[in-house]
Structures are given as structure tokens and as C-alpha cells.
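The next block holds one structure in the form of C-alpha cells; read it before the comments.
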Amino acid sequence: QHRLRRGLVIAQVALSLTLVAGAGVLNRSLRNLFAEDLGLSLDRVVDLELKPDLIGYSAQRSVQVVEDTMAALRRAGFHAVAMSYPNPLTLNSSILMVRTAVMMAPENRTVIQSSISPDYFQVMHIPLAGRTFTEAERHEPDSVNPMPVVLGTTLARDLFGGERAVGRTFELTRYIGMAT
């Protein structure tokens, strides 16, 4: 009985030391993550999350609520106001079919896709290699007037190799699935 008790104490101490060491590694990893430069500045940025659809608003009415809120914030003196859906810093990803002019067949790509307003990059202080888009360019895309898209460097490199992506056209199909 004495050996059993002694063995349990040793196991408990070993497990406790393992947990403390794991907590230390987690703490260091979190500190490193918070110190990582994301390439954007969140200084003096206020995040407001609106979900009018949760109270029964239609999609069209929800868009109107967001636009009205953005206009009210501008009138209240905010320097710049922008919208994104979903928040690009979340892990919402979509599987999309992507095809460029040089691809023989479309390829499935998992991408993080957000719909944003033209001022988003200014508000978030995100530098761009190309240009942003205007409100007039936000429309239903067609073969004559493709919708402007801003690509991250990794996807641009995957789709166009070492060539510059600015001004290039590619095709995206509708959602195939969504993983959250």
C-alpha cells in the first residue's frame, strides 16, 4: 500500500511538471504570435460587428442596415469607415473552383474569401501592390465586366507564377462548400 501511494505521488508530480512545462511553451508561443507583424496596423481601429440577419432582416434589408450604419459613423466624425464580411481575420474558408487563362482545367482551391468595401485597405493600413477598387466597380460580374478582386501574395503566386497579378483575369465559380 505504501508503494502504491508513493507511485501515485510520483505520477502526480510528473504529470504536474508536464502540465507546467506545456503551459510555459503555450505562453511563449502566444507571446510570439502577438508579436508577429501581420502587415497591417490596428491602431485607432474600432471593430463593430453587425448581424441584422439574426433578428430576421432579409439580405437586402441587412445590406441597407450596414450601409446606413456606415453613413452614420462617417457623419459622427470617423476618419474612414469600411465593411468586411466575414471578418478576414477569422478562419472562414471556402473551396472555390479557380481557372486562369493558362490552366487546362479548373482547380479546387481553398481560399479565405471576404467581401469588403473600397476603404477597407485604408482603414486597416494594408499596403497594396496594385490598386483598390471603387464603389462603382462593385457589381454582379459578367464576361465583359469582371468583378475586381484583391489577391494575397500566396494565391497570386499560385495562380500566375512569378508574373504580376495586377490586371490579370481569372474565373471563380460559386461556393462549393464552406468550412468554419
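The values are calculated or read from the model by the stated rules, or taken from the named source; none is laboratory data. None of the values given here were measured: they were computed from a predicted structure. Virtual Cβ from ideal backbone geometry, glycine too; neighbours counted across all protein chains shown. We work out accessible area using only protein heavy atoms, side chains counted, and drop any ligands, DNA or RNA first. Shrake-Rupley method; radii C 1.70, N 1.55, O 1.52, S 1.80 Å.
Just to verify a result, which residue in the range 21-49, among those that are open to solvent by 100 Å² or more (accessible area, probe 1.4 Å) and modelled with pLDDT under 75, is farthest from M124 (Cα to Cα)?
L38
Inspect the range 22-31 for any residue being of a type outside the set (G, A, S), within 30 Å of V81 (Cβ to Cβ), without any contact (Cβ under 8 Å) to a residue 12 or more places away in the chain and out of contact with any helix residue (DSSP H, G or I) (no Cβ under 9 Å at 6 or more places or on another chain) and give the result as yes or no.
No, the conditions are met nowhere in the range 22-31.
Look through L19, L33 and report the one residue that is under 20 Å from the mean Cα position of the chain (by Cα) and assigned to a helix (DSSP H, G or I).
Of L19, L33, the one residue that is under 20 Å from the mean Cα position of the chain (by Cα) and assigned to a helix (DSSP H, G or I) is L33.
Identify all residues within the range 119-138 that are aliphatic (A, V, I, L, M), within 18 Å of R74 (Cβ to Cβ) and part of a loop (DSSP other than H, G, I, E, B); write none if there are none.
none
Please determine whether any residue of the range 85-94 is under 30 Å from L159 (Cα atoms), at pLDDT below 90 and touching a Pro at 6+ places or on another chain (Cβ under 9 Å).
Yes, the conditions are met somewhere in the range 85-94.
Out of (1) part of a loop (DSSP other than H, G, I, E, B); (2) modelled with pLDDT of 80 or more, what's the single condition that is false for A105?
Condition not satisfied by A105: (2).
Filter the range 149-164 down to the residues that are farther than 26 Å from D119 by Cα and surrounded by fewer than 11 Cβ atoms within 10 Å (Cβ to Cβ) and list them by number.
G161, G162
Step by step: first the residues of the range 165-180, then only those that are open to solvent by less than 90 Å² (accessible area, probe 1.4 Å) and modelled with pLDDT under 70, then the one that is nearest to G130 (Cα to Cα). Which residue is that?
Out of the qualifying residues, it is T173.
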